[in-house]
1. Scan region 434-452 and report the pairs whose first residue is within 30 Å of Ala299 (Cβ to Cβ) and whose second residue is crowded, with 19+ Cβ neighbours inside 10 Å and hydroxyl-bearing (Ser, Thr, Tyr), with Cβ atoms within less than 8 Å and a gap of 6+ or a chain change.
2. Given the condition part of a helix (DSSP H, G or I), under 25 Å from Ser112 (Cα atoms) and touching a Gly at 6+ places or on another chain (Cβ under 6 Å), answer yes or no: does some residue in region 237-249 qualify?
3. Out of all the residues in region 191-233, which are aliphatic (A, V, I, L, M) and farther than 21 Å from Leu261 by Cβ?
4. Kindly list, by first and then second residue, each pair from a residue in region 187-208 that is loosely packed, with under 11 Cβ neighbours inside 10 Å to a residue that is β-branched (Val, Ile, Thr), limited to pairs with Cβ atoms under 9 Å and residues at least 6 apart or on different chains.
5. Can you tell me which of Trp275, Trp329, Trp313, Trp357 is among the aromatic types (Phe, Trp, Tyr) and farther than 27 Å from Leu54 by Cα?
6. Looking only at helices (runs of 4 or more DSSP H) that lie completely in region 142-221, which have at least 1 residues being aliphatic (A, V, I, L, M) and at pLDDT below 75?
7. Check off (1) in contact with a Ser or Thr (Cβ under 7 Å, 6 or more places away or on another chain); (2) in a loop (DSSP other than H, G, I, E, B) for Pro85 and give me the number that stays unchecked.
8. Looking only at region 50-82, how many residues end up being β-branched (Val, Ile, Thr) and over 11 Å from Thr354 (Cα atoms)?
Amino acid sequence: MSFRRLPDVPGPTGLRAQHDLYRRRFDVGEVLREISQKFGDVARVPIFGQPKVLLSHPDDIQEVLATKAASFRLFGQDLLRDLIPWGVLATEGPIHDENRTHLVLAMRKMLSRRVPEMSLRQCLRSLASLQDGQVVDLYEFTRQVSLAMSATMLFPQEAEQVLLGRIDHDAFLKIVSDVDGWFPGIPKPLQKLVLVLRLPRTLQILRLQRRVQSQLRDAIRVVRSLQASGPPADALTLLTDGSEVGGPLPAEFLTDNLMSLLLAGYETTANVLSWAMWEAAQREDLQSRLAAEGSQLAADPGQNSEWINNAPWTDATIQEALRMYPSVWILVRESLYDYRLRDYLFERGTVFFTSQWVTQRDPRWFPQPDRFLPERWLPGTEHPTESAAGASAGGEAQATREKRHPFAFFPFGGGKRFCLGKSVFDFEAAMLLGCVFREWRLEPVEGCHPRPRFFLTMQPDRSQLVVLRRR
């Protein structure tokens with residue numbers, strides 16, 4: 001059998017295409033989507049250096065991320081390795097597996113012992129200062145709440161107030177916002193040239209990295225000087241003691257993995273929840289449904305585990321926000337060997353882009369992909385439509401929900417690198433939406449139209465402003 005090779009892959013090529021992508025580097029997710037729509041499920045991506053191929057079909061994505069994951073390695077992780085060299089996000093092989101084993105066990109203990117109580121407490125605390133008629137930036141609000149929730153999961157309760165004041169959450173945001181979606185794909189020599197050309201900004205980010213790492217090391221020292229009561233329920237105590245997670249985590253891993261959990265659990269959570277609330281603010285009927293479910297929240301945190309299982313509109317709103325606005329919008333792998341895909345043979349070193357933004361907005365899997373429709377996640381619920389064509393699309397979504405490919409929707413990745421914090425995110429996200437909408441109605445500020453921008457994570461390009469109205 002003869003195979004086609006890289007030159008046979010369709011897609012934009014040449015200096016002009018490379019320049020156009022660079023010019024739109026903060027909108028690179030939408031550029032990739034346009035390439036997929038024009039050139040198909042296997043398409044060239046015009047970025048300098050190693051050949052880069054966008055895979056848009058769930059079958060191909062599943063191969064790269066899960067079925068044949070051992071044939072690939074992470075690509076473009078040097079920035080993370082500079083920041084958290086021993087963290088689970090930046091490591092591979094045995095080091096990654098050792099990190100992940102400890103962290104998975106710690107997350108399970110946290111979920112059973114701490115997450116229900118602390119999530120509710122932080123949500124109520126954050127809402128207590130809000131006032132009727134107040135204009136709120138949803139992105140800033142969710143950042144503050146998610147950072148507070150992350151801190152309570154990572155550190156003992158006795159140290160919570162001390163540590164929250166020591167963690168510079170603005171530094172976290174500046175670090176992840178410094179790199180646009182184009183930068184990690186270019187060759188290392190060109191990356192270094194870009195960093196030199198913007199030297200003042202590069203030095204600032206390096207200072208921020210050192211500051212955050214120093215703050216975490218200081219936090220660890222503070223925590224270790226305290227006498228925590230009761231069984232360990234926070235990540236730091238569980239990982240330091242090690243008696244419940246298969247042994248203590250090596251000291252060089254501890255700081256980097258706490259940093260990983262803050263980056264992964266704070267910024268990404270804030271992104272998704274701010275978009276979920278922003279989209280809900282556009283629909284009074286959806287807000288009413290969320291308020292009705294939120295009113296069933298119990299004062300006893302232990303009872304709210306069952307509430308989450310009986311709040312379908314809350315869950316559907318979160319799922320739709322994850323579909324339309326995935327914080328982690330792209331996963332990139334480099335082939336370790338020659339790789340056969342369909343009737344192509346790709347040489348070792350080919351880089352494959354798999355993008356949640358592209359695939360999760362594909363009308364083949366999600367009709368009316370650019371409409372925020374939580375209804376698509378609810379069996380037996382028709383989509384709101386404005387025309388016969390819309391009704392047809394809604395019916396199609398209803399028919400395809402049951403048989404949708406698992407990798408048509410992969411906001412938490414796939415394979416052995418599947419996000420280990422998903423269960424904690426699910427609980428925190430549902431709790432915040434329930435608490436917010438049972439007390440407040442959100443009115444979008446006129447003329448405010450935020451759009452996604454593509455950095456290491458996806459973020460809004462401007463404030464998501466709403467006016468609070470008490471119910």
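The values are calculated or read from the model by the stated rules, or taken from the named source; none is laboratory data. Because the structure is a prediction, the values reported are computed rather than measured. Heads up, the Cβs are rebuilt from the backbone with ideal geometry, glycines too, and the neighbour counts pull from every protein chain shown.
1. That search, which allows pairs on different chains as well, returns Gly434/Thr314.
2. Of the residues in region 237-249, the ones part of a helix (DSSP H, G or I) are 237-241.
From what is left, the residues that are under 25 Å from Ser112 (Cα atoms) are 237-241.
Filter once more, so that each one left must be touching a Gly at 6+ places or on another chain (Cβ under 6 Å): none.
So far as region 237-249 goes, no, none of its residues is part of a helix (DSSP H, G or I), under 25 Å from Ser112 (Cα atoms) and touching a Gly at 6+ places or on another chain (Cβ under 6 Å).
3. Taking region 191-233 and keeping what is aliphatic (A, V, I, L, M), we get 193-197, 199, 203, 205-206, 208, 212, 216, 219-220, 222-223, 226, 228, 233.
Those that are aliphatic (A, V, I, L, M) and farther than 21 Å from Leu261 by Cβ: Leu193, Val194, Leu195, Val196, Leu197, Leu199, Leu203, Leu206.
4. Listed pairs, sorted by first residue: Val196/Thr202.
5. Working: Trp275 fails: farther than 27 Å from Leu54 by Cα; Trp329 fails: farther than 27 Å from Leu54 by Cα; Trp357 fails: farther than 27 Å from Leu54 by Cα.
Step by step, each of Trp275, Trp329, Trp313, Trp357 is checked, and only Trp313 is among the aromatic types (Phe, Trp, Tyr) and farther than 27 Å from Leu54 by Cα.
6. 160-164, 169-176
7. (1)
8. Taking region 50-82 as the starting set, the residues that turn out to be β-branched (Val, Ile, Thr) are 53, 61, 64, 67.
Among the residues that remain, those that are also over 11 Å from Thr354 (Cα atoms) are: 67.
Residues that pass the stated criteria total 1.
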